[in-house]
Every structure is written in C-alpha cells, then in structure tokens.
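To start, the structure under review is shown below, and the notes come after it.
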Amino acid sequence: MTRKFIAEVASLAVFGVGLAGVYILAKALKDEAADLTIALIATAIFVVSYVLGQWVKRAINPSPAVER
C-alpha cells in the first residue's frame, strides 16, 4: 500500500468518526434541544472532523512542495 492510499484511508476514518459523532449527537439531543442548536453543533463537528482529516492526510503524505 502506498503512502497516498494510507493517508486517504486515515483521512476518511477521521471524517467518519466525526460523522458518527454528529449522528450520535442528533439522536441524543433530539427531544432536548432546538433544531438550530443541534444544527450549529453538528456543523462545528463536521468542520472540525474535515479539517482534522485533511491534517492527518498531509501529516502522512505531505505535498511535494513541502518535502523540499
């Protein structure tokens, strides 16, 4: 397996954990919080998991410009 493939899988795994967190949050707060509150928290989790996924990908497989 190449570093690029491993980086993609790791990035998707981090993002998947974030999406699972959004799902769990929505189920847990379904009747207790306003829909807007759940949406704002879910958006924050979504963005953070995406950014962390990209960071993991670049940590494993840096772009050629960074390697110089």
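Brief remarks on what is shown
- Residue that is surrounded by the fewest Cβ atoms within 10 Å (Cβ to Cβ) [pool: residues in segment 27-51 that are part of a helix (DSSP H, G or I) and over 19 Å from the mean Cα position of the chain (by Cα)]: Leu36
- Residues within segment 7-37 that are under 18 Å from Arg58 (Cβ atoms) and among the hydroxyl-bearing types (Ser, Thr, Tyr), tallied: 1
The numbers here are math on the coordinates, done by the rules we state, and not lab data. Since we're looking at a predicted model, the values are computed, not measured. Cβ sites come from the backbone with ideal geometry, for glycine too, and all protein chains shown count toward neighbours.
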